Structure formats: structure tokens, C-alpha cells
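Structure first, then comments.
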Amino acid sequence: MTKKTRSWAKVAVGAAALAVVLSVFAMTATAGSNATTLRMVAITEHKDGVEALVKLYKAKNPGVKLTVTVAPVDTYITVIRAQLNSRNAPDLLMSYPGNGSAASVVQLAKSGITLDLSGEPWAKNIPAAFRPIAQYRGKTYTRPISTGMIGTLYNRAVFRAAGITSVPRTWNQLLSTCDKLKAAGKIPFALGMATPWNTQLITYALVASTVMARDPNFPQKQIAGRTTFSKSGWREAFSKYMQLRDRGCFDKGAAGTTYEQSLTQIANGDAAMLVQVFDIIPAIKAANPKVDLGAFPLPGVNTAGKVWAPVGAGPSFAVSSRASNVSEAKKFVAFTATRAAVTAYTKATNTIPILTPIPRVLPKSFAPMQTAFNQGRITFYMDQLWPNSQVQPTHFAVVQQLFTKQINVDQALKRMDSAYKRKG
Amino acid sequence: MLLPAIASGWYAFTDWDGVSRSASWIGLANFRQLLDDDQARSAFVNTLKLTLVVVVVQNAIGLLLALGLHRAVRTRNVLRTLFFAPVALSPLVVAYIWQFMYSSHGAVDQAIETVGLGGAVRPWLGDPDLALYAIAFTIVWQYTGYSMVIFLAGLERIPDDVYEATAIDGANSWQRFRDIVFPLLAPALTINIVIASIVGLKQFDQVFAMTQGGPGYATETVTTLLYKQAFVYGDYAYGTALAVGLTLLVLAFSLLQIFVLRRRET
């Protein structure tokens with residue numbers, strides 16, 4: 001072989017090698033382009049349910065790559081806005097039902113962050129009671145999956161050790177239970193007052209009885225300007241909240257206790273009760289898998305039959321208006337409307353599935369909550385019907401101020417009324 | 001660097017919600033709102049209080065540490081590293097660790113009870129009178145090492161013959177420090193005060209992580225308030241107006257301090 005022939009041979013071998021490499025890349029790229037990618041932003045406090053849904057969706061759709069980013073509820077809306085502003089919008093995001101929260105269906109739709117899904121087949125089949133909170137100006141933006149309840153979770157072992165054989169069903173019985181637990185050396189109520197979203201739960205649980213049970217049309221009257229927080233049973237609710245404080249029903253350091261610490265307190269039996277949304281039960285069980293929990297509605301009044309409980313549709317999924325994969329995102333939201341998806345999510349989060357008919361799913365130790373639900377002694381979470389996103393953070397702040405004696409009940413109610421009137 | 005800042009500042013004169021594709025010009029309305037807003041006023045006061053405490057305490061302790069570690073102490077290099085180590089940590093990590101330590105029955109409470117002062121235990125981050133100072137302590141803990149290093153550099157520049165001369169003149173330690181060392185540390189003091197002031201005025205991470213401005217609004221600073229206005233309430237334009245106000249405050253403070261302290265140096 002001559003020198004010239006050898007150099008041509010080298011070129012030929014090099015070209016062949018390059019062709020092989022390029023074809024491998026081409027095949028890889030082709031294979032990669034068959035995989036669909038969906039990006040989701042979800043709320044940390046609901047991640048157990050999200051993980052259950054994602055697992056099920058991936059099993060049914062193996063060609064879809066679904067990446068999930070979670071953010072705690074207090075910073076969730078910041079993450080969404082930052083991603084939207086940096087042209088890094090997710091395809092799917094979670095939204096809270098109704099209005100009131102910065103991440104609610106109304107606020108997100110109003111800002112143009114989410115897509116109108118009214119034309120989707122599942123939109124007509126949302127149970128009637130839950131349709132208004134999935135809509136803004138008559139258009140549907142999400143499919144509610146679960147309904148949670150705010151109840152008084154209690155550590156049954158701590159109750160037994162303190163000689164308490166039945167759960168309190170009236171306000172006076174609650175105070176008596178608190179006294180017995182204090183005498184037994186336990187913290188009657190764990191309270192994560194230092195974490196803002198925790199401050200609202202006892203108010204909501206009390207207002208269900210002191211306001212909504214007496215006047216179920218209160219929210220509509222308030223929007224119409226015919227009543228205010230100051231003129232309503234909210235005054236009684238705030239007063240009773242502080243009565244619990246003054247009676248020593250909370251830990252001395254409750255003002256500096258975080259949400260995570262409050263879970264540990266009830267999980268470990270240092271505290272007996274915790275007023276919370278049921279979605280967080282997996283987090284309590286993670287702290288102590290052997291904890292035996294029960295639940296009852298917080299009795300805000302002295303007539304057992306007039307004790308109501310707050311019920312609220314939990315967050316559900318919406319399609320981002322700047323999604324890069326709109327069709328697949330809509331397909332995921334349609335999937336969350338299926339019986340299998342709703343069942344998986346609610347099982348993981350100890351919530352009630354929004355199906356027709358609504359099945360009986362709460363454990364036996366939660367019987368008082370199930371009874372309240374079945375008897376219709378329930379009302380929506382208060383913020384879902386507020387007209388703007390400033391009332392809720394104002395509520396958080398005034399509860400902290402009340403608890404630390406910076407303001408009185410009158411001043412707290414005035415601030416809430418003032419926030420209610422702001423532009424939404 | 002300048003263009004994004006100017007572009008952001010423009011939004012302060014609009015009604016932009018942070019997400020919509022358009023914004024309308026509303027002139028000085030946001031700034032008028034800022035002047036009328038009790039919450040904004042309170043946030044500015046909290047910001048100034050936090051800055052004052054951090055600047056004074058951080059520099060006082062930093063100076064004492066520098067004076068102590070400038071001497072021929074055997075372990076001085078190890079000690080210098082230990083005191084500087086917190087500066088290298090993420091402010092968020094430090095905030096969460098201290099939040100845990102300040103919690104009810106946490107490490108701080110246990111330490112106080114151990115020395116027999118159980119009556120002094122408080123809900124450190126839940127007490128509206130203490131929370132701001134508890135946060136200030138955390139910031140001082142983290143950044144004192146930084147001040148120390150700047151002061152050490154200043155001390156290293158003082159010639160040995162100055163110390164010898166004062167010894168010959170019969171000056172005691174306090175006289176030497178007051179009349180010679182402290183005046184010669186003027187450049188280091190200028191740097192430390194200006195930097196600590198700027199950092200204090202725009203402090204966000206520790207405040208947000210530890211209290212989110214609570215309890216109530218007791219630790220709300222301008223930065224946490226502008227964050228809430230922009231990202232929680234959706235009033236991005238008003239949040240930007242607060243940011244512009246803060247920028248002007250930082251600028252005014254820095255220029256005033258540099259003017260006063262540089263004169264002192266000469």
C-alpha cells in the first residue's frame with residue numbers, strides 16, 4: 001500500500017467512525033424525543049398525596065417523565081411567581097380552592113397564571129357542592145380531589161393515661177378536659193404559633209360553631225357588606241381562643257413553637273391534642289409510627305348538636321398558562337379526576353375523596369368527625385370565600401398579636417375588617 | 001448591572017402584579033401609599049433598630065476578639081479560624097439552626113436552666129419584645145468573625161515601634177488603646193461600620209427564616225414586607241416602591257457614614 005493510499009484509508013476509517021458516532025447520537029436523540037417531560041410545582045405539606053398520584057400516573061404512562069418541585073405552603077406562591085417571571089414556568093401547579101389565598105383558584109386565574117379548563121370532559125362532572133370553588137367567573141380551572149377537615153387530633157394513649165374516657169362534646173367539657181390533662185402533667189394542646197399558617201386553625205374550628213352554624217349565609221352577607229368580622233361570632237371565637245391560652249391549655253412556649261415541633265409534641269405524647277388539617281397525619285406518624293390518634297370536632301359552643309367542623313377541598317392541579325406541554329398537562333389533570341387517582345391521593349393524605357357519592361373513609365377513632373360530616377354539620381374553610389389575598393395573612397398576624405397580648409380582640413377584628421375591604 | 005436595577009425601579013411607578021404581561025403608569029401613587037402605610041413605617045423602624053444593634057454589638061465584640069487574638073497566644077490561629085467559621089455558613093442554615101435552638105425547651109432554654117436561671121426562659125422568637133433582638137444575636141454570632149478579621153488586618157498595620165514608644169512613655173494598656181491603637185484603627189472601623197450597616201439594612205434571610213416578620217409584625221423589616229407585598233399579595237409594584245425606598249435609605253446611610261468616618265480618619 002502506497003503512502004497516498006494509506007492516507008486515504010485513514011480518512012475513510014475516520015469518516016466511518018464519525019458516521020457511527022453520529023448515528024448513535026441520532027438514535028439516542030430520537031429515543032429521547034419520544035419521552036414527554038412534564039414539570040410540576042407542588043406544596044410540601046401535601047407531598048404524600050402528590051407522590052401517590054405521580055407514581056400511579058407514571059405506571060400508566062411510562063413514556064412520561066414527570067419532575068416535581070415542592071415548596072412549603074408559606075413560600076409556594078413565591079416559587080410560582082419566580083418561575084413564571086424567569087420564563088421557567090411549570091406545566092402543572094397546585095392551587096387552593098376558592099379565593100383568599102395568594103395561591104387560590106381565583107387569585108391565580110385573575111393573574112392569568114392558569115388555563116381555563118371548562119372544555120375538559122371532567123369539568124361537567126365535578127360534584128355540585130364543589131363546583132364554585134373550582135371556578136372563577138363561571139370558568140373551571142381545576143378538578144378538586146379531596147376534602148380535608150380541621151379537627152382536634154388527640155393522642156389516645158395520653159387521654160387514657162390521664163383517665164379521660166370520652167372526648168369533649170361541648171365547650172365546658174373541653175375546658176374540663178384541658179384541666180385534667182394539665183393536672184396529669186401534659187400539654188393539653190400543642191400549638192405551632194410561630195408558623196403563620198398554623199395560627200388560623202383553632203379560629204376556623206371555633207368559627208364553624210360560633211358563626212357558620214348560627215348563620216350559614218354569613219360569607220355572602222359579608223361580601224354584600226351587610227355584616228363584618230367585628231359584628232359576628234368571630235368576636236366570640238377570638239375570645240375563646242384566648243380563654244384557652246389564659247387557662248394554660250397551651251404550652252408556655254407556644255408562641256415560639258413551630259409547626260414541626262407541634263407534630264413532635266403530639267407524636268411523642270408530650271401534648272394530648274392538636275387542632276390541625278388531617279393532611280398532616282402522615283407527618284405525625286413519620287415522627288412516631290406507633291402513635292394512636294383519634295379526632296373530634298373542636299366544640300366551640302355548649303350545645304353538642306350545634307358543633308360544626310370546617311371542611312375544605314384541598315389543593316388540586318391546574319395547568320400553567322405558560323406550560324410548554326399543555327396537552328400532556330391537561331391529560332394529567334384529567335387523570336386526577338379518575339376514581340383510582342382520587343382514591344390513591346386521599347388514602348395517602350387521610351382525606352375524604354371528592355367522588356359521587358362521597359364514601360365513608362375516616363377511621364373508627366375519627367367517628368365524631370365522620371358523624372359531623374354525615375349530618376351536614378360542616379362549613380368550608382373561611383379563607384376560601386374571602387375576596388382578596390390579604391385577609392388571610394392579616395388573620396395570621398392578628399392571632400399572633402392577640403396571643404402575645406400586643407392587641408385586644410376589638411383591634412384584631414378591626415384589622416381583619418380593614419383587610420377585607422382592600423382591593424382584591 | 002445598572003439596567004436591570006433601573007428597569008425594576010420603573011415598576012414602582014406602575015400597578016404591575018408581577019405576572020401580567022402589561023403594567024399601567026400610576027405615577028407616585030405607590031410612594032404616597034408608602035408614606036401613609038403604618039406597617040411600612042413600623043418596618044423601617046424595625047430595620048433601623050436591627051441595624052443599630054448589629055453594627056454596635058458586632059463591631060464591639062469583633063474589636064475585642066481582634067485585640068485578644070493579636071497577641072502572641074499559642075492557639076491564636078486556631079481561635080481565629082473558629083471565630084471566622086460561622087461567616088462561611090449559609091445564612092439560611094444558621095437561621096434554621098438557631099430557630100431550633102431558640103425553640104421552646106430548646107438548647108438555649110436548656111443552657112439557661114442548667115446554670116440555674118430557669119426563670120429567665122422565654123419564648124425567644126415568640127415574644128414581640130425579644131424576637132428582634134434574638135434575630136440580631138444570631139446575625140452577630142454569624143458575622144462577628146468577619147469584623148474581627150478586618151480589625152486584625154488594621155492592627156497588623158500598626159508598626160511595632162509605636163507600641164515600644166508608648167511603653168517607654170509609661171502608658172498603660174487602656175491609654176495605649178485609647179490614644180494610639182483606636183485612632184489608628186479608623187480605616188478598619190470605617191469599613192466595618194459601613195459594611196455592617198449595609199448588611200443590616202437589607203437583612204432578609206435570617207428574619208424570614210426565623211420569624212417571617214412575626215409574632216404579628218414585631219420583626220417585620222422592609223425586606224420581609226416588600227417580599228410579602230410582591231410575592232404573597234401580588235402587589236409587585238408597591239413592593240418595588242418599598243425596595244426603592246430601602247435603596248435610598250441604604251445610600252443615604254452609607255454616604256453619611258463614609259463622610260463622617262473618613263473625616264475622623266484624617
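The values are calculated or read from the model by the stated rules, or taken from the named source; none is laboratory data. Owing to the predicted nature of the structure, the values given are computational and were not obtained by experimental measurement. All Cβ positions, glycine included, derive from the backbone under ideal geometry; neighbour counts span all protein chains shown. The area values use the complete protein model at the heavy-atom level, side chains included, leaving out ligands, DNA and RNA. Shrake-Rupley method; radii C 1.70, N 1.55, O 1.52, S 1.80 Å.
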Subset of region A:229-279 that is out of contact with any Leu (no Cβ under 8 Å at 6 or more places or on another chain) and among the β-branched types (Val, Ile, Thr) - its residue that is nearest to the other protein chains (Cβ to nearest Cβ): A:THR258
Name the single residue that is most open to solvent (accessible area, probe 1.4 Å) among those in region A:396-419 being without any contact (Cβ under 8 Å) to a residue 12 or more places away in the chain and outside any helix (DSSP H, G or I). A:LYS405
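Within region B:83-95, does at least one residue satisfy the condition of being within 14 Å of chain A (Cβ to nearest Cβ) and open to solvent by less than 30 Å² (accessible area, probe 1.4 Å)? Can you show your working first?
So the first thing to find is which residues in region B:83-95 are within 14 Å of chain A (Cβ to nearest Cβ), and the list is B:92, B:95.
Now restrict to residues that are open to solvent by less than 30 Å² (accessible area, probe 1.4 Å): B:95.
Yes, the conditions are met somewhere in region B:83-95.
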Number of the exception - A:THR114 against (1) at pLDDT below 90; (2) β-branched (Val, Ile, Thr); (3) within 28 Å of A:ALA340 (Cβ to Cβ): (1)
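Would you pick out the residues in region A:60-81 that are more than 21 Å from the chain's Cα centre (by Cα) and open to solvent by less than 50 Å² (accessible area, probe 1.4 Å)?
Filtering region A:60-81 for residues more than 21 Å from the chain's Cα centre (by Cα) gives A:60-66.
Within region A:60-81, A:ASN61, A:GLY63, A:VAL64, A:LEU66 qualify.
Would you check if there is a residue in region A:360-373 being within 14 Å of another protein chain (Cβ to nearest Cβ), within 22 Å of the chain's Cα centre (by Cα) and open to solvent by 10 Å² or more (accessible area, probe 1.4 Å)? Break it down stepwise before answering.
Looking only at region A:360-373, we keep the residues that are within 14 Å of another protein chain (Cβ to nearest Cβ), and these are none.
No, region A:360-373 contains no residue that is within 14 Å of another protein chain (Cβ to nearest Cβ), within 22 Å of the chain's Cα centre (by Cα) and open to solvent by 10 Å² or more (accessible area, probe 1.4 Å).
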Which helices (runs of 4 or more DSSP H) sit wholly inside region A:74-189 and have at least 2 residues that are within 30 Å of A:ALA318 (Cβ to Cβ)? A:105-110
Would you be able to tell me the number of residues in region A:178-190 that are open to solvent by less than 10 Å² (accessible area, probe 1.4 Å) and within 29 Å of the chain's Cα centre (by Cα)? 4
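Just need a number here: residues in region A:94-119 that are free of Cβ contacts under 8 Å to residues at least 12 places away in the same chain and either within 12 Å of the chain's Cα centre (by Cα) or open to solvent by 40 Å² or more (accessible area, probe 1.4 Å) (or both).
Step one: filter region A:94-119 for residues free of Cβ contacts under 8 Å to residues at least 12 places away in the same chain, giving A:111, A:119.
Remaining after also requiring either within 12 Å of the chain's Cα centre (by Cα) or open to solvent by 40 Å² or more (accessible area, probe 1.4 Å) (or both): A:119.
So the answer is 1.
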May I ask you to list the residues in region A:58-90 that are at pLDDT 90 or above and within 30 Å of A:TYR259 (Cα to Cα)? A:LEU66, A:THR67, A:VAL68, A:THR69, A:VAL70, A:ALA71, A:PRO90
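Are there any helices (runs of 4 or more DSSP H) wholly within region B:134-228 with 1 or more residues that are under 16 Å from the mean Cα position of the chain (by Cα) and within 14 Å of chain A (Cβ to nearest Cβ), and if so which?
Numbers: elements: B:160-168, B:173-176, B:186-201, B:205-210, B:222-227.
Answer list for region B:134-228: B:205-210, B:222-227.
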Being away from every other protein chain (no Cβ under 14 Å) and buried (at least 23 other Cβ atoms within 10 Å of the Cβ) is the requirement here; does A:PRO127 meet it? no
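Looking at B:ALA23, is it outside any loop (DSSP other than H, G, I, E, B), surrounded by 12 or more Cβ atoms within 10 Å (Cβ to Cβ) and of a type outside the set (S, T, N, Q)?
Details: outside any loop (DSSP other than H, G, I, E, B): no; surrounded by 12 or more Cβ atoms within 10 Å (Cβ to Cβ): yes; of a type outside the set (S, T, N, Q): yes.
Here the answer is no, as B:ALA23 does not meet what is asked.
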Just to verify a result, which residue in region B:47-72, among those that are β-branched (Val, Ile, Thr) and open to solvent by 60 Å² or more (accessible area, probe 1.4 Å), is nearest to B:PHE253 (Cα to Cα)? B:VAL56
Among the residues of region B:1-20, what is the count of those that are outside any helix (DSSP H, G or I), touching a residue at least 40 places away in the same chain (Cβ under 8 Å) and within 13 Å of chain A (Cβ to nearest Cβ)? 5
